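Working notes for the structure below.
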Amino acid sequence: MTPKELLYLEDSLGMEQQLNIKCADYSGKVQNPSLKNMCTQMAQQHKTQFDRLFNHLHG
């Protein structure tokens, strides 16, 4: 893997982690059950994507 590709993966990991945290936070704050569910699902999707990228680096 090239240094540029590693930097891209590092940036992607940071973004996925930040999005996971934000979506989980929003899920805890919204009252609307539909929005709460959507935010929870989005948080899980970002966590899954983070895990995939992380495992790609360490796999």
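The table below gives the values:
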item: Whichever residue in the range 1-47 is modelled with pLDDT of 95 or more and among the charged types (D, E, K, R) and, among such residues, is most open to solvent (accessible area, probe 1.4 Å); result: K4
item: Hits in the range 12-41 (condition: within 14 Å of R52 (Cα to Cα) and charged (D, E, K, R)); result: E16
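The values are calculated or read from the model by the stated rules, or taken from the named source; none is laboratory data. Nothing here was measured: the structure is a model prediction, and the numbers come from that model. For accessibility, only protein heavy atoms count, side chains too; no ligands or nucleic acids. Shrake-Rupley method; radii C 1.70, N 1.55, O 1.52, S 1.80 Å.
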